[in-house]
1. Between D142 and M1, what FRET efficiency comes out of the Förster formula 1/(1 + (r/R0)^6) with R0 = 30 Å and r the beta carbon distance, rounded to 0.05?
2. What does the highest-first list of 141-151, 69-79, 51-61 look like by mean Cβ count within 10 Å?
3. Pop a pseudo-label 7 angstrom from the Cα along the beta-carbon direction at both A106 and N133 and give the gap in nm to one decimal.
4. Return the distance in nm (one decimal) between the two label points of a simple spin-label model at L95 and R64, each offset 7 Å from Cα along Cα→Cβ.
5. Go ahead and run the numbers for FRET between M118 and L35, Cβ-Cβ distance against an R0 of 25 Å, rounding to 0.05.
6. Considering just Cα atoms, how many Å³ per residue does the convex hull of the chain enclose?
7. Compute, for the stretch 1-156, the length of the dipole vector about the Cα centre, with Cβ point charges of +1 (Lys, Arg) and -1 (Asp, Glu) only. Units Debye, rounded to 20.
8. Report relative contact order for the stretch 6-155 in percent, whole number only (criteria: Cα-Cα under 8 Å, sequence separation at least 6).
Amino acid sequence: MADPRLISIVLDGDTILSPRAEVDAERQVAVADLLAHNRFEPCRSMARGHGGPFRARLSIKDGRLAIAVTDEADRPLETVLLGTGRFRRPVREYLAIRDSFLAASANGHPAQVEPIDMARRALHNDAASLLKNCLEGKIDVDFDTARRLFTLLAALHPRG
């Protein structure tokens, strides 16, 4: 019986952009939410009869997002590569607006928090749609899974 979901996701620590506590907390929440509820169907693996559950490792290699997919026993199944060029602007904008949101929240400016949060959510949704479309034919995911994966992609944004 197929169980197309992630049971583990690991981020390559060498490329994580920010070690700040509030950013790390956001990343931890994204991982926890992702593992609590997701739909993750790597197309080639599913076609070969691997119905899940799956494990994934996210990293940035040579300017590409690498999603290394393994089975439940951590045996390699496939690696999906996506060019990150199309994500540079959404990631940069997401990181900037997230930092503005965190600053407004920390400074206790409630009048600023709501519009920033609305803009952050809209940008996050657009980026999730872009990621979902880019994964089409490679890994089938639902919108919420794409949204959380984008959060993790932003966390892996290369330094410099």
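Derivation of every value follows stated rules applied to the coordinates shown; laboratory data play no part. Everything numeric in this text was worked out from a predicted model, so none of it was measured. Here the Cβ is made from the backbone with ideal geometry for all residues, glycine too, and neighbour counts use every protein chain on show.
1. Working: r = 19 Å, r/R0 = 0.64.
Plugging the Cβ-Cβ distance into 1/(1 + (r/R0)^6) gives 0.95.
2. 141-151, 51-61, 69-79
3. 3.5 nm
4. Simple spin-label model gives 2.2 nm for this pair.
5. On the way: r = 27 Å, r/R0 = 1.09.
After rounding, the FRET efficiency stands at 0.40.
6. Numbers: hull volume 17.6 nm³, N = 160.
Dividing the Cα hull volume of the chain by its residues yields 110 Å³.
7. Values: 22 positive and 22 negative charges, 86 e Å.
It works out to roughly 420 debye.
8. Numbers: 204 pairs, mean separation 42.6, N = 150.
Relative contact order for the stretch 6-155 comes out at 28 percent.
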